[in-house]
Amino acid sequence: MGVSVWTFIRPREGELHLVSQRAVDEFFSNAARLPADDEGFVRYAQVVVNLEIRRAVEVLRIGFYQHRVLKNGKLDRKHFKAVMATVGEAAFGGLRIEGPQPGVIAAEHRFAKRRLDRLTTWKPTQDDLAKLRDVVNHKAGREIM
């Protein structure tokens with residue numbers, strides 16, 4: 001029993017292509033480029049699958065992520081640093097030494113989480129979901145999604 005992560009790049013609506021984990025890792029390490037969509041983002045679906053005897057048997061989780069890229073297809077590091085700053089606000093913004101003033105609700109971390117979600121995720125269309133189902137089932141060699 002094990003787990004594997006499959007990544008599918010979405011260069012255009014309804015179009016998904018399997019990409020190796022190495023290509024994704026190199027993209028984040030600033031060594032490689034990935035194809036961007038018309039809005040200047042690399043959008044991808046990440047599918048976590050459960051493996052039995054090295055065969056995918058079920059989908060455990062699906063995430064739809066995006067990262068802004070430069071014109072040359074490399075990760076926009078300036079934007080990425082801003083996103084990482086928002087991660088800290090979303091995760092630890094609710095921790096305070098002192099409570100908020102009377103009548104004020106401390107909700108900065110909730111707004112940061114919403115901002116982080118808008119910056120890092122995208123909403124797939126029905127065509128995207130149908131295509132993802134096809135490519136996942138094809139890669140698995142059976143219907144798991």
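Read the figures in this text as sums done on the coordinates, not as results from a lab. Everything numeric in this text was worked out from a predicted model, so none of it was measured. Positions of Cβ are backbone-derived with ideal geometry, glycine not excepted, and every protein chain shown enters the neighbour counts.
Quick one: 3J(HN,Hα) in Hz for segment 75-92, Karplus 6.51/-1.76/1.60 with θ = phi - 60°, rounded, Gly and Pro as x.
Listing the rounded values in order: 4, 6, 4, 5, 5, 4, 5, 5, 5, 5, 5, 5, 4, x, 4, 5, 7, 10 Hz.
Would you calculate, for the chain, the mean residue ellipticity at 222 nm contributed by helices, counting each DSSP H stretch of 4 or more residues as -39,500 (n - 2.57) and dividing by all residues, to the nearest 500?
Value at 222 nm, helices only, nearest 500: -11500 deg cm²/dmol.
What ranking of His17, His79 emerges when the number of other C-beta atoms within 10 Å of each C-beta is taken as an exposure proxy, fewest first?
Ascending Cβ contact count within 10 Å gives the list His17, His79.
Could you work out Rg/(2.2 N^0.38 Å) for the chain, with Rg from alpha carbons only?
Compared with the compact-globule rule of thumb, the chain sits at 1.25.
Quick check on the exposure proxy: order His138, His67 from fewest to most C-beta atoms within 10 angstrom.
Lowest to highest Cβ neighbour count: His138, His67.
Provide Ile53, Ile144 in ascending order of the number of other Cβ atoms located within 10 Å of each residue's Cβ, fewest first.
Listed from fewest to most nearby Cβ atoms, that is Ile53, Ile144.
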